[in-house]
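Each reported figure results from applying straightforward, stated rules to the coordinates on display, with no laboratory input. Nothing here was measured: the structure is a model prediction, and the numbers come from that model. Note: ideal-geometry Cβ built from the backbone for every residue, glycine included; neighbour counts use all protein chains shown.
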Amino acid sequence: MINASNLFVKYGDRVLMDSINVVIKEKDKLGLVGRNGAGKSTLLKLLAGEQTADSGQITRPSGSTLGFLHQEMHLPRGKTVIEETLTAFDELKRLEARIEEINQEFAVREDYQSDSYARLIEELTTANERFAILGGTAMEADAEKILQGLGFKNSDMNRMVEEFSGGWQMRIELAKMLLAKPDYLLLDEPTNHLDIESILWLEAFLKDYPGAVVLISHDRMFLDNVTLRTVEIELGKVYDYKASYSKYLELRKDRREKTVAAFKNQQSKIAQTEKLIEKFRAKANKAKMAQSLIKQLDKMDRIELESEDTATMRIKFPPAPRSGDVALEVDGLTKNYGEIQVLNEVSFKMDRGDRVSFVGQNGQGKTTLAKIIVKDIMPSGGDFKIGHNIHVGYYAQNQSDSLSPKLTLLETMENAAPPELRTKVRNILGAFRFSGEDVDKKVMVLSGGERARLALACLLLKPINLLVLDEPTNHLDILSKEVLKQAVMDYDGTLIVVSHDRDFLSGLTNRTLEFRDKKLHEYLGDVNFFLEKRRLDDMRAVEMSTKQNTAQQAKQKSVDLDRKVLQKLERAVQNQERKVEQLEKDIKAIETTMGVDGFYQSDTADVVLENYNQLKKDLEAAMQAWEDATEELENYTS
């Protein structure tokens, strides 16, 4: 197990970890939670040995392996997807290369009786055995299986790594780690760049993972489905719960309520005791009692009520201006990027107040269509119309990257605000947890989560009635996501949201558009309805496949049975034919004997004649049996 003891980390005047202790057992499935900036990623870096604490120590069993997926990974250029993924099998690749070298050496050597030749044979045998034990014969198949689970197509395997975006390269790195199967797998936001189908696949993989998994994620449903233990980092301390995330929330609330009750009860007792001490001090005959009470207070194990980080965003979208009945119409829309077609003659319509989610694998055109709707890019063909009096508000998944890094938060908001709202930008920033001197910070010093909050704050500066959100929960902690979701739930305009976060999408929309094979597939319900429908469709597909297999098996079984019956009937006819032929030969032989002069006067004549008559009867029976078998065969084949 990994044992982290008395870890102390301080940044400037801020204590990030105040002598914390964490133990990770061999098969733990542990979720690491806490607000952005609480120290979750720092703890993973400490466990992985990529950062050193100010004090404390971390021990891990010698010989154990560890994999760490973090947010700043960069893959080398010059390799295909499958080649880079197969670097996870370093030992296997070395063995494979050595086996090839030995085989090439065997092709030219002729000193078959030498000791070195014998040693080479022994080395080859050992290398082949080791290669088989480590699964070398299946490593490429295993790599392709995991890459496909993470969303890669067969056609992607031989594409160069540098052709893919950072998010897809992160998937390659994740695939390498899953293939390497380290004893301890540390994952920092592994779902950030995954679509729903890939997240579902990863959930299933991690649940059955044989080693320990330590996971940071802002995907509540993912945490619930993978982890069995939750460690919270809050204000420099850690709290360990043997429960998944949702159960942890209940236990945490119960713990705090009990602690508060015990604290209040103890404070009441302390106050009463102090009153008695003051009272007894004034009387000489009660002085000993006062001293006794003072000693009791000194020995009391005081309950400390830790402060709680409860600061949250306060978001409320302005009322949506009245628009026409039809908010948006897309008709036969096509989009190509060079020779690559992303959307092929797709059509859909949104009425005022509709709430639609875009889901599907990455690269299927969700963001592309969102950008066309907000007029960031133009379609290659077809048409789309924005309804009467529609005011669009757009949050792109990389929206925070468009913020000017040299401006302060206050300048950013003032530049984006209409004149009538410029006096209110400080209040809006405060609602997004930027207060006091925070507003004078440069955008360049903000964390990813802080930049995301600032970009969301800019959305509140203008009244909008068509809100388009593309991955709005990226970089937000779970509490902030819940606040944003409630604000979007309360929003009274028309909504389009692109997201892979099932918990965020749950109950948020009344229509779901799945992007698949360049087309749109509509489901009249939220993401849960879509997933259930897809699950049932998949089950039906499996069922149909099973039925087809069963039918094929039954058909094959019937064919096999027919063949066996036919073969049996044919053998019966052949057997009777051979029997008839043999009887006829035996009878003919006896008849030849009977034609010899003096046969009937011989001593054996009676026995031969008796045998002859029996053979004649046997022949008659065999002829009848042959006729019956022949008729049965003809009836079966007719």
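Between K385 and K275, the distance separating the two model label sites (each 7 Å from Cα on the Cα→Cβ line) works out to 7.8 nm. Length available on full extension from A621 to S435: 0.36 nm per residue minus the Cα-Cα distance, which gives 55.8 nm.
Under the simplified labelling scheme, the K585-Y11 pair shows an inter-label distance of 10.0 nm, with each label point 7 Å from Cα along Cα→Cβ. Cross-link reach is defined here as a Cα-Cα straight distance under 26 Å, omitting same-chain residues fewer than 8 places apart; for K588 the lysines meeting it are K579, K616, K617. For the chain, the longest principal axis of the alpha carbon atoms and the long axis of helix 90-108 meet at an angle near 40°.
Once you reduce segment 414-472 and segment 584-621 to the center of their Cα atoms, the two points are 119 Å from each other. The alpha carbon gyration tensor of segment 311-412 gives principal lengths a ≥ b ≥ c with a/c of 1.5 or higher and a/b no greater than b/c, which makes the shape oblate.
A Förster radius of 30 Å, combined with the Cβ-Cβ distance separating E140 from K519, puts the computed FRET efficiency at roughly 0.40.
Over segment 166-235, the ratio between the Cα radius of gyration and 2.2 N^0.38 Å evaluates to 1.08. Be a star and scan segment 597-628 for residues whose amide nitrogen sits under 16 Å from the point 7 Å along the Cα-to-Cβ vector of N575. What the label zone holds, given the 16 Å backbone N cut-off, is 621-628. Our estimate of slack between K349 and Y600, defined as 0.36 nm per intervening residue step minus the Cα-Cα distance, is 79.2 nm. Distance between the modelled labels on E100 and N3, one decimal in nanometres: 4.5 nm (7 Å Cα→Cβ projection).
Which shape class applies to segment 379-486: rounded if a/c is under 1.5, otherwise prolate when a/b exceeds b/c and oblate if not, where a ≥ b ≥ c are the square roots of the Cα gyration tensor eigenvalues? It comes out prolate by the Cα gyration axes.
Taking the C-alpha atoms only, the angle from helix 605-637 to the longest principal axis of the chain is near 40 degrees. Across the chain, Cα-Cα distances exceeding 47 Å account for 43% of all pairs. Placing a label point 7 Å from the Cα of E632 along the Cα-to-Cβ line, the residues of segment 575-603 whose backbone N sits under 18 Å from it are 575-580.
Volume per residue of the convex hull around the Cα atoms, evaluated for segment 586-636, comes out as 57 Å³. Where does the longest stretch of the chain lie that holds no GluC sites (Glu not before Pro) found in a DSSP loop with 14 or fewer other Cβ atoms within 10 Å? No qualifying site falls inside 340-638, the longest such stretch.
Taking 22 Å as R0, compute the FRET efficiency from the Cβ-Cβ separation of Y337 and S155 and round it to 0.05. Rounded to the nearest 0.05, the efficiency is 0.90. Can you give the FRET efficiency for T59 and D325, using 1/(1 + (r/R0)^6), R0 = 60 Å, r = Cβ-Cβ distance, to the nearest 0.05? Working from the Cβ atoms, E equals 0.35. Where only DSSP H runs of four or more residues are counted, the chain gives -15500 deg cm²/dmol as its mean residue ellipticity at 222 nm, each run worth -39500 (n - 2.57). Helix 478-490 and the long axis of the chain differ in direction by around 90°, with both axes built from C-alpha atoms.
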